[in-house]
């Protein structure tokens, strides 16, 4: 954890000297630009406050006698080392961190839907969406919310939401970054926020407590992102997590048109779906569970697409170490969407989708309300999955 102590300086204290609360080193002007103690290299919030305050003031211009410097004279002969600290600001809609790596949102919300921190107000709806995803993750999918991949409808760019749930709080980071770096960001967010929260009830904070915690956490988030940009490349590679499983099992298939479910097919009994009431037959119970699954999945898809203007490609739920369950979506012509619930290796899902060629026949025309061709297709798919629903090999036999 990047530990950043919560300190504040008296309003009348001279600002020409700061003493490091870690090692006692006395830092005098000019203060270091990275707000780090020159001796122990730990972040000093007091320096952050002073340098930030200084940037906000206009100071009289000092008389300068020099017109040239040694570095300018030797520019072609001597290589001048520059400070590598990036100008990171949480006020930007897109925080560039590395080449093709960026963050658009750092967010925190409680399981009881108390919104605690949002670095980008334009994306605040993702906090509510996180709560909705967590609800389906812990109920139907029986695991812990982990990741979601979104594909924008306008430019087909893939962006990721990565989640971390701890002590009844959901931490969220949204943008483009490798899994390992996203996990590091989330853990740093959790460690620092829980330190600021102390033993307070996250859902019972008064306005002043919430404001003070949010203000202090913003400083820490700024420091954490700088650590990511300047040091993390040396620690982590850009490779995403690999899957231990070499196969994938399909537990549910759904086909919808404009959020209307036209096919619902529950396969096997691995999903822990509880439905209240008594049923006359197992077939009736299965049909009710299929309908409930379809309704919840369509609500998630419509909510995500409506708010983000992006199509969710997959939502991942962690069941255990390197053990995942996935809710995947594939778009067909005429606004049809295929949704699959699966467990195992996500990299195999495209090959499974390619096996479902009969779906192309019913998506050639816009849905008109006639369910006959879809009922026939459901019967065909059910017979195929009775033969095999764990892949590879990628064939029904």
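What follows is calculated from the coordinates using simple rules that are stated; it is not laboratory data. Since we're looking at a predicted model, the values are computed, not measured. As a convention, Cβ positions derive from the backbone with ideal geometry for all residues, glycine included, and neighbour counts pool all protein chains shown.
Listing for the model above:
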read-out: Part-to-part distance (alpha-carbon centres) for the stretch 273-305 and the stretch 160-222, which is given in Å; value: 34 Å
read-out: Stretchable slack from residue 16 to residue 115, in nm (0.36 nm times residue separation minus alpha-carbon distance); value: 31.8 nm
read-out: Segment residue 319-residue 355, length gained on full extension (0.36 nm per residue, minus Cα span); value: 10.3 nm
read-out: 20 Å cut-off, amide nitrogen to a point 7 angstrom out along residue 231 Cα→Cβ, residues in the stretch 92-109; value: 96-99, 102-103
read-out: Percent of Cα-Cα distances greater than 21 Å, calculated over the stretch 95-234; value: 41 percent
